[in-house]
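Since the structure comes first, as structure tokens, the remarks are kept for the end.
The values are calculated or read from the model by the stated rules, or taken from the named source; none is laboratory data. Here the structure is a predicted model, which means the values were calculated and not measured. With ideal geometry, Cβ positions are generated from the backbone for all residues, glycine too; neighbour counts draw on all protein chains shown.
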């Protein structure tokens with residue numbers, strides 16, 4: 001199995017970067033998967049430079065409905081026609097930061113369906129995508145410190161209510177080394193997601209965790225608790241980035257040492 005970061009906050013060499021994230025997931029014997037799409041066409045440009053052919057995309061999985069994970073879709077669809085697009089239950093609801101700032105995607109369900117695309121709203125705890133790749137959702141709260149402190153709102157029945165992100169999607173790869181967990185932003189708590197993944201698959205540890213951990217505005221106690229719990233989960237490869245924040249990344253690097261891997265556009269991870 002191989003995971004390539006097609007776009008991340010930081011570019012590298014000729015590869016562009018933006019506030020967003022997208023992963024290309026390759027599994028032997030299957031067409032590849034795309035997990036999130038960044039916020040613009042930069043992932044398509046990066047894919048071309050990396051020799052990634054988006055036309056082979058089997059499915060697209062969206063972690064949640066914010067613009068920095070979704071708005072690259074229009075340029076992706078110029079190259080690809082995925083069999084399915086997997087989305088959280090509340091994906092197409094209006095997403096806001098506070099009461100006035102819209103931070104959702106720039107397309108609608110109807111527009112995608114008009115293009116003949118099959119939309120799958122994920123309600124089951126686990127969706128098997130084949131070849132040891134799974135979507136997980138319905139993340140239970142197992143920590144008391146991973147709370148949504150940002151004023152994220154969602155439109156329901158014509159009113160804005162606080163978004164709890166329980167429907168956020170994560171991707172699990174079952175490898176010979178153990179569970180590899182890909183996360184978009186971890187708004188519902190990266191430890192909550194990791195514990196859920198380990199429990200669902202009967203594991204007592206997570207081998208690798210790659211993606212956003214949303215610690216950018218976290219206080220010292222939350223960062224320290226997160227690091228301690230990820231170490232308790234036996235994480236051997238930590239590639240936290242995107243919404244993790246410089247302070248948390250520095251502390252993670254200090255705690256995990258050689259097990260911490262900087263994740264920028266073009267970074268590739270291989271797992272047997």
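Out of all the residues in segment 166-191, which are more than 11 Å from the chain's Cα centre (by Cα), closer than 19 Å to residue 24 by Cβ and buried (at least 24 other Cβ atoms within 10 Å of the Cβ)?
173, 180
Might you let me know whether segment 14-24 holds any residue that is in a loop (DSSP other than H, G, I, E, B), modelled with pLDDT of 95 or more and over 16 Å from residue 241 (Cα atoms)?
Scanning segment 14-24 turns up at least one residue that is in a loop (DSSP other than H, G, I, E, B), modelled with pLDDT of 95 or more and over 16 Å from residue 241 (Cα atoms).
Mind checking which residues of segment 175-188 are outside any strand (DSSP E or B) and more than 22 Å from residue 7 (Cα to Cα)?
If the condition is that a residue be outside any strand (DSSP E or B) and more than 22 Å from residue 7 (Cα to Cα), then 176, 177, 188 are the ones that fit.
Go through segment 112-131 and count every residue that is surrounded by 11 or more Cβ atoms within 10 Å (Cβ to Cβ) and part of a loop (DSSP other than H, G, I, E, B).
Residues meeting the conditions: 6.
Take the residues in segment 25-52 that are part of a loop (DSSP other than H, G, I, E, B) and in contact with a strand residue (DSSP E or B) (Cβ under 7 Å, 6 or more places away or on another chain); name whichever of them is surrounded by the fewest Cβ atoms within 10 Å (Cβ to Cβ).
30
Checking residue 199 against (1) under 16 Å from residue 143 (Cα atoms); (2) touching a residue at least 40 places away in the same chain (Cβ under 8 Å), only one condition comes out false. Which one?
Of everything listed in (1) under 16 Å from residue 143 (Cα atoms); (2) touching a residue at least 40 places away in the same chain (Cβ under 8 Å), residue 199 misses just condition (2).
From the set of residues in segment 234-258 that are without any contact (Cβ under 8 Å) to a residue 24 or more places away in the chain and within 19 Å of the chain's Cα centre (by Cα), which is nearest to residue 197 (Cα to Cα)?
The selected residue is 249.
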